[in-house]
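In what follows, a single structure is set out as structure tokens and then discussed.
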Amino acid sequence: MKKVYIVTHGELCEGANPPLRIEGVDQIKKLQKLVPNNPPLVVCGTGLSHLETRRLLGFSGLRTEWNAIVGGPETFFVGEG
């Protein structure tokens, strides 16, 4: 049976295409022990927070498919409501 792990970024800083806050980095580091070390494929958004999350999970050298549908800089906005 195949398993799919879905991980979203942790808490973000303010602004368009924000990086992770310190709390967000800590949140992702806690997830490291819950995901496999060497998944056969990583699907990653193209926003800064997605790239940081991928790196923090140790997935930087792994086969990765980039997809803005998962999330990208253009999906972030600043506003009320």
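The values are calculated or read from the model by the stated rules, or taken from the named source; none is laboratory data. Not measured: the values here are computed from a predicted model. Ideal geometry is used to build each Cβ from the backbone, glycine not excepted, and the neighbour counts take in all protein chains shown.
For Glu65, indicate whether it is touching a Cys at 6+ places or on another chain (Cβ under 8 Å) and either in contact (Cβ under 8 Å) with a residue 60 or more places away in the chain or in a strand (DSSP E or B) (or both).
Yes.
So, in segment 18-32, of the ones that are closer than 17 Å to Thr46 by Cβ and crowded, with 17+ Cβ neighbours inside 10 Å, which residue ends up nearest to the chain's Cα centre (by Cα)?
My answer is Leu20.
If you take the residues of segment 32-56 that are touching a strand residue (DSSP E or B) at 6+ places or on another chain (Cβ under 7 Å) and not in a helix (DSSP H, G or I), which of them is farthest from Ile69 (Cα to Cα)?
Checked segment 32-56; the qualifying residue farthest from Ile69 (Cα to Cα) is Leu41.
Which one of these does Gly45 not meet: (1) surrounded by 10 or more Cβ atoms within 10 Å (Cβ to Cβ); (2) more than 18 Å from Lys3 (Cα to Cα); (3) at pLDDT below 95; (4) over 9 Å from the mean Cα position of the chain (by Cα)?
With respect to (1) surrounded by 10 or more Cβ atoms within 10 Å (Cβ to Cβ); (2) more than 18 Å from Lys3 (Cα to Cα); (3) at pLDDT below 95; (4) over 9 Å from the mean Cα position of the chain (by Cα), Gly45 is out only on (4).
What about Val70, is it in a loop (DSSP other than H, G, I, E, B), β-branched (Val, Ile, Thr) and touching a strand residue (DSSP E or B) at 6+ places or on another chain (Cβ under 8 Å)?
Criteria met by Val70.
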